[in-house]
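Input: a single structure, listed below in structure tokens.
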Amino acid sequence: MEKSIIKIVNMSFKYNKEDYLFRNFNLDIKEGSFTTIIGKNGSGKSTLAKILIGLYKAEGYITIDGYLLNDFYIKKIRRIFSACFDNADNHFIGETVKDDLAFTLENLGYSKKEMISSINTIAKKFKLENILEESPEKLNNSEKEKVMIASSLIHKPQILLLDESIYKLNSSDKKLVFKILKEYQKEYKLTIILITHDLEDTLISDNIILLDKGKIILNDTKEKIYEDEKLEKLGFNLPFIVKLSHNLMLYNLLDKVYFDSKEVMDKLWP
Ligand code: ADP
């Protein structure tokens, strides 16, 4: 049995006195899984993210790697659980990119030598070597998001939550970030939760959750979610490759949905 790294049982939350946004909400995320959470604006995605990082207190029972999410364990949980939100500028603390990367490590009590080695490794992976001495404010938006994600991964957390944190990445940086996320998932069993409004981003994940008004409407593997066009019927634009696969299946040119254009090409023109 795979281990649950995030467990939410009977969680309820409301902003105002009358209406509950989440009511008896349950969710189980397995260690090392990659899940995207989608849903229309206002469906509760960001609120859920903020509850999970301990910013908002909800009723019910939430555990992160077995630790109950409460004031007593929050410090422990912060080591395990890294999160990025949509505004990279709010994330920066250091005067330079290097200081910013060092900040988390300093807090965790890394030695100078370990810090230098971790910064060099992450800078190389994210191709930040040339901007380490720059002020984060002066970076372009794509670089800012890269630095934010790099500084959230530098101490190898067990969970990384990205809430609309990748939409300013340019296409080559996005490819690089996705490659790194997959690598961390495989090598360090990193659990990844990606909240996005762009269904193209779901293609990188293993599982997809659709939220609507605080309720889980769909929660399944990417393969199951895209085996038919249910998301389209619910008003979403399917990723291009999924739509193409369904169209080609109609003409018996494909036998299933593919998530990679190269695989489609190979199938059509072996
Ligand atoms: P999403 O991230 O899916 O767009 P949110 O979690 O931001 O959804 O919002 C869910 C609902 O909660 C919306 O109806 C939104 O108006 C409401 N909401 C979000 N933040 C607040 C807040 N700080 N105070 C009151 N209501 C809020």
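Remarks
- Among all positions in region 197-206, there is no residue which is assigned by TED's automatic domain parsing to the domain that holds ILE8 and either in contact with a Gly (Cβ under 6 Å, 6 or more places away or on another chain) or without any contact (Cβ under 8 Å) to a residue 24 or more places away in the chain (or both).
- Cβ-Cβ under 8 Å pairs, at least 6 apart or on other chains, region 64-89 side at pLDDT below 90, far side assigned to a loop (DSSP other than H, G, I, E, B) and surrounded by fewer than 17 Cβ atoms within 10 Å (Cβ to Cβ): ASP86/TYR167
- Test: residue in region 110-117 that is surrounded by fewer than 16 Cβ atoms within 10 Å (Cβ to Cβ), among the aliphatic types (A, V, I, L, M) and over 20 Å from LEU161 (Cβ atoms): yes
- Subset of region 33-58 that is of a type in the set (Ser, Thr, Tyr) and more than 9 Å from the ligand (Cβ to nearest atom) - its residue that is nearest to ILE159 (Cα to Cα): SER33
- Taking each residue of region 2-31 that is closer than 14 Å to LEU190 by Cα and in contact (Cβ under 8 Å) with a residue 60 or more places away in the chain and looking for partners that are away from the ligand (no atom under 15 Å from the Cβ) and small (Gly, Ala, Ser) with beta-carbon atoms closer than 7 Å, six or more apart or interchain, yields ILE29/SER4; LYS30/SER4.
- Of ASP71, ASP89, ASP100, ASP28, all but one fail to be away from the ligand (no atom under 16 Å from the Cβ) and buried (at least 19 other Cβ atoms within 10 Å of the Cβ); the exception is ASP100.
- Selection within region 149-175: residues that are more than 13 Å from the chain's Cα centre (by Cα) and surrounded by 23 or more Cβ atoms within 10 Å (Cβ to Cβ). The member of this set that is nearest to ILE51 (Cα to Cα) is SER151.
- Residue list for region 195-218, filter: hydrophobic (A, V, I, L, M, F, W, C), within 13 Å of the ligand (Cβ to nearest atom) and buried (at least 19 other Cβ atoms within 10 Å of the Cβ): ILE195, ILE209, LEU210, LEU211
- Taking the criterion of being under 13 Å from the mean Cα position of the chain (by Cα) and under 17 Å from LYS45 (Cα atoms), the residues of region 200-230 that qualify are ASP201, THR202, SER205, ASN207, ILE208, ILE209.
- Residues within region 158-167 that are at pLDDT 95 or above and either farther than 25 Å from TYR110 by Cα or out of contact with any Phe, Trp or Tyr (no Cβ under 6 Å at 6 or more places or on another chain) (or both), tallied: 5
- Failed item, numbered, when LEU254 is tested on (1) within 16 Å of the ligand (Cβ to nearest atom); (2) of a type outside the set (Gly, Ala, Ser); (3) assigned to a loop (DSSP other than H, G, I, E, B): (1)
- Considering LYS243, LYS156, LYS233, LYS182, the condition of being assigned by TED's automatic domain parsing to the domain that holds TYR258 and more than 16 Å from the ligand (Cβ to nearest atom) is satisfied by LYS243 alone.
- Residues satisfying the stated conditions in region 3-25, i.e. within 17 Å of the chain's Cα centre (by Cα) and either of a type in the set (Lys, Arg) or near the ligand (Cβ under 9 Å from one of its atoms) (or both): LYS7
The values are calculated or read from the model by the stated rules, or taken from the named source; none is laboratory data. Predicted model only: the values in this text are computed from it and were never measured. Because the Cβ atoms are built from the backbone with ideal geometry, glycine has one as well, and the counts that use them run over all protein chains shown.
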